[in-house]
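See structure below.
The values are calculated or read from the model by the stated rules, or taken from the named source; none is laboratory data. Keep in mind it's a predicted model, so treat the numbers as computed, not measured. Neighbour counts are summed over all protein chains in view; Cβ atoms, including those assigned to glycine, are modelled from backbone coordinates with ideal geometry. Side chains are part of the model used for accessible areas, which takes the heavy atoms of the whole protein and leaves out ligands, DNA and RNA. Shrake-Rupley method; radii C 1.70, N 1.55, O 1.52, S 1.80 Å.
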Amino acid sequence: MDNRPIGVLDSGMGGLTAVRELLRVLPHEDIVYFGDTGRVPYGTRSAEIVTHYALQDINFLLGRQVKMVIAACGTVTTTLPDSLVRRFQFPYTGVLSPTVEAALAASRSRKIGVIATATTIRTGAYERELKKRDPEAEVISAACPLFVPLVENGFVERDNKVTRLVAEQYLAPLKEAGVDTLILGCTHYPVIAPLIGDVMGGKVALIDSGRAAADHARRLLAEENLLTDRKTAGKCSYFVSDAPEDFARNASIFLGEGFCGEVARIEITNYPDTI
């Protein structure tokens, strides 16, 4: 058993959807969350810059003595080179592998859609992973860069006309292709899942990358005998690289009534970008 916290990182606030799911499946675990709100979005950055940022984020979490790191960010997950991840001396998961596994389990026709940030889509990581696991899978991908700022600015209501218009344009090619499963490849996107579901139609299964990552983390910690033995509710600590009051004000968009605790600002550029 291990009572150290779980570390979660994201480019901003989207990773809070993974925190929400962790609170559901691992309610006794402490969580340390870092959102790089001063440098968001990662989804429009080069692979080199994303890797630089992600390693600084990870080193901050390791400095907080976490027992595991969850990259609750589709861009980080699909950008960090496998050769680098294999060098990590700590339990680590991104959202890619757990989400692909969930999508293949849900799909009947093997026509699977992927929506994510532009950087994630450019890597082709979801398509490669899906094809590796099922060569018969047909993958249709679409970059949805406006979803992140829309979510972070509160345009999240199911009937929001602005977000719906954007979604209809982004999702049209996937509807035309007849996908039966849609991967929400950015952890911001589950916040507007009801709206996306309305646009796609009720027969399309939506795969929440934050939920998939949280379920995978629970299994991994159990296998490694790293679950806490506490019986009381875990505590959450939140850290950001920009104004903490903005984060605290908007966190309820992602966590609802689950948000509690103080938010502190840290200088993320003080942390190294090497492991």
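Some points to look at:
- Per residue, the convex hull spanned by the Cα atoms of segment 178-220 amounts to 75 cubic angstrom.
- For segment 26-65, the spread of Cα positions along each principal axis, largest first, Å: 37, 18, 17
- Each of Thr44, Val148, Ala116 was scored by the projection of its Cα onto the charge dipole of the chain, and the greatest displacement toward the positive side belongs to Ala116; charges sit on the C-beta of Lys, Arg, Asp and Glu.
- Annotation: segment 1-126 has a Kirkwood hydrodynamic radius of 15.2 angstrom, from the mean reciprocal C-alpha pair distance.
- Remark: the chain carries 43 Å² of accessible area per residue (probe radius 1.4 Å; ligands, DNA and RNA excluded).
- Full-extension gain in nm, Lys161 to Ile266, via 0.36 nm per residue minus C-alpha separation: 34.2 nm
- Given +1 at the Cβ of Lys and Arg, -1 at the Cβ of Asp and Glu and no other charges, the dipole of segment 44-178 around its Cα centre is 240 debye to the nearest 20.
- Spacing of the modelled spin labels on Arg249 and Thr274, each 7 Å from Cα toward Cβ, amounts to 4.1 nm.
- Degrees between helix 96-106 axis and first principal axis of the chain (Cα, 0 to 90, nearest 10): 40 degrees
- Report note on the peptides 186-193, 175-182, 162-169: ranked by the mean count of other C-beta atoms within 10 Å, highest first, their order is 186-193, 175-182, 162-169.
- Taking the three principal axes of the alpha carbon atoms in segment 169-275, the coordinate ranges are 46, 37, 36 Å, sorted in descending order.
- In a simple Cβ point-charge model (Lys, Arg +1; Asp, Glu -1; nothing else charged), the chain has a dipole of about 400 debye relative to its Cα centre.
- Full extension of the chain segment joining Lys231 with Ile49 gains 61.4 nm, where the gain is 0.36 nm per residue of separation less the Cα-Cα distance.
- Coordinate range of the alpha-carbon atoms in the chain per principal axis, descending: 47, 39, 38 Å.
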